[in-house]
Amino acid sequence: YSDLWGTRESKYAALDAITLSTTPWTRLVMDAPYYFFVPKDLSDAEEYKNGFGVKELFSVNSAGIVTSRDSLTIQHTKAELKRVIADFTSLSEDAARQKYNLREDVQDWAVAWAQDDLRSAELDDAKIQPIAYRPFDTRYTFYTGIPNGFHCRPRTEVMQHLVGKENVVLMCSRQVRAFPDWHHVFIADMIFESCLTSSQTSEISYGFPLYVYGMHGKRPNLDEAIVARVAAIIGREPEPLELFDYVYAVLNSPSYRDRYREFLKIDFPRIPYPSSAEEFDRLAAIGGRLRRLHLMEEVPPLATTFPVGGSGLVDSVRYTDGRVYINDRQYFGNVPQEAWEFCIGGYQPAQKWLKDRKGRVLSLEEIQHYEKIIAVLVATMEGGAA
C-alpha cells in the first residue's frame, strides 16, 4: 500500500518522478474476514472480539421501515396524514401520481398497490401510528404491516413488537463509511424509519427491541448465555432494562467510540463485558438517564428562549452567537454552539429538525419541543461520558 497527499500539481509531479520500484510501499497484513486494502490499527482486535455483539444479544432485529415514498406516507401531524390518505385513495392512479409528484413505480412499490392497501384497511384510524423518523422527530404514518403496500418494507418481524406495545428499541448502523467518527446509535419506543440515524444507504438503521410479544405476553429479547455471563460477573441476574441501559451507555461513551473507532466502521458494535458489579451499575445508571433523556421522558430545565413574536415561519435557518434564526426576525436564544453542532448518527439534530420544517409555521408545541431538544442535547453532553 502507498498513498500520496497534496495538490493536483504536486501529485502529478511526484507520479512523474517515481516508478513502481521506487514507490515507498507498506506491506499489508490481509486478515479474515474483511481483508482490508488500507492500513488499519486493529491492535485491540482480540479485546474487542471478547465482547458480545448487539445482534447476538438481541436475536430479533431488523432494519427500519422503508416506505419508498416518504413524502406521501409520512406526515408531520395526524391531521395532515388523514387528509393525505383520504385524498390519495379517492383519486385515480394517474391523478394520484401527478398530484403527489410520485415518480414511476418500482419493483416493490406501486401507486395502485398503496391505494389498495389503504382501502383494504378501510382507513382505520387505529392504524395511524407515530413513527420515529429522525432523532427527536416523531411523525405519523398509516401502518398496515403489509409488504409492498402503503409501505414498501414494513418490517413486521420487529414492528409488531412496537405497535401499541410497551417497549424500547435500540437503533444503530451496521457499517459507517461516510463519516469519520461513529455516532450512529439512538433509541425509540415506537416503530422507526430506516434512515433514522443516517441518510446513507450503507448506514441504514437497524432496530433491536428489548422485548418481544407473543401468545403468552412479553419476554426479553435477550440471549440467555450472554445474560448468564453478565450475571456471573456482577453476582446477580440483571434486569432486562438494566442490561439494555448498560449497552446504551457503552455505545454513547466517547472513550469506547475512540478506542474501537476502526471496528465500529466495519460491522454491528460489540460490547465489552463489565469488569465488576460496580462498573455495571455505574454504566447502567448513565445509560438509564440517557434513555430517559432521548425518549424525552426526562427533560432538564429549559434555558433556550423564543423571545420575538412573529409569524413563526421557518424561512432560512442560521446560527449566530448563540441564536438560531428561523427567519429575519425570530430566533431561539441561548443555544450553545456545542448543542447546535452535536451529532447523532449522520445528523446534527438541532439543525436537521428545523431545516426539515422549512416553509412551515411552527406551532407553540413545536417551539417548546425544539427548546426541549436543546436541553436534552446539553444534558447528553454533560452526562453521557462513560
Give me a count of the residues in the stretch 338-367 that are within 18 Å of Cys195 (Cα to Cα) and touching a Gly at 6+ places or on another chain (Cβ under 8 Å). 0
Are there any pairs, at least 6 apart or on different chains, whose C-beta atoms fall under 9 Å, with the first in the stretch 102-121 and on the phi < 0 side of the Ramachandran plot and the second of a type in the set (Ser, Thr, Tyr) and open to solvent by 40 Å² or more (accessible area, probe 1.4 Å), and if so, which? Leu102/Ser71; Val111/Tyr100
For the stretch 1-21, pairs from a residue that is small (Gly, Ala, Ser) to a residue that is assigned to a helix (DSSP H, G or I) and open to solvent by less than 70 Å² (accessible area, probe 1.4 Å), with Cβ under 8 Å and 6 or more apart or across chains, are Gly6/Ala14
Just need a number here: residues in the stretch 208-240 that are over 27 Å from the mean Cα position of the chain (by Cα), open to solvent by 90 Å² or more (accessible area, probe 1.4 Å) and under 25 Å from Val158 (Cα atoms). 2
Considering the stretch 121-143, residues that are open to solvent by 10 Å² or more (accessible area, probe 1.4 Å) and among the hydroxyl-bearing types (Ser, Thr, Tyr), and then whichever is farthest from Ile187 (Cα to Cα), we arrive at Tyr143
Test set (1) of a type in the set (Val, Ile, Thr); (2) within 23 Å of the chain's Cα centre (by Cα); (3) open to solvent by 10 Å² or more (accessible area, probe 1.4 Å) - Ile146 fails condition number: (2)
Sole residue being within 18 Å of Gly145 (Cα to Cα) and open to solvent by less than 70 Å² (accessible area, probe 1.4 Å), chosen from Leu102, Leu118, Leu91: Leu118
Name, by its number, the condition in (1) farther than 24 Å from Met159 by Cα; (2) open to solvent by 40 Å² or more (accessible area, probe 1.4 Å); (3) touching a Phe, Trp or Tyr at 6+ places or on another chain (Cβ under 7 Å) that does not hold for Lys49. (3)
I need every pair where a residue in the stretch 247-276 that is within 19 Å of Ser62 (Cα to Cα) has its Cβ under 6 Å from the Cβ of a residue that is at pLDDT 90 or above and open to solvent by 20 Å² or more (accessible area, probe 1.4 Å), sequence separation at least 6 or different chains. Tyr248/Arg291; Phe268/Lys55
Within the stretch 353-364, the residues that are buried (at least 18 other Cβ atoms within 10 Å of the Cβ) and in a helix (DSSP H, G or I) are Trp353, Leu354
Taking the stretch 293-331 and keeping only residues that are within 22 Å of Gly383 (Cβ to Cβ) and either open to solvent by 20 Å² or more (accessible area, probe 1.4 Å) or not in a helix (DSSP H, G or I) (or both), one is left with Leu295, Met296, Glu297, Glu298, Val299, Pro300, Pro301, Leu302, Ala303, Thr304, Gly322
Does Arg219 qualify as being on the phi < 0 side of the Ramachandran plot and touching a residue at least 24 places away in the same chain (Cβ under 8 Å)? no
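The values are calculated or read from the model by the stated rules, or taken from the named source; none is laboratory data. Because the structure is a prediction, the values reported are computed rather than measured. Reconstructed Cβ throughout: ideal geometry from the backbone, glycine too, with neighbour counts over all protein chains shown. Quick note on the areas: whole protein, heavy atoms, side chains included, nothing else; ligands and nucleic acids left out. Shrake-Rupley method; radii C 1.70, N 1.55, O 1.52, S 1.80 Å.
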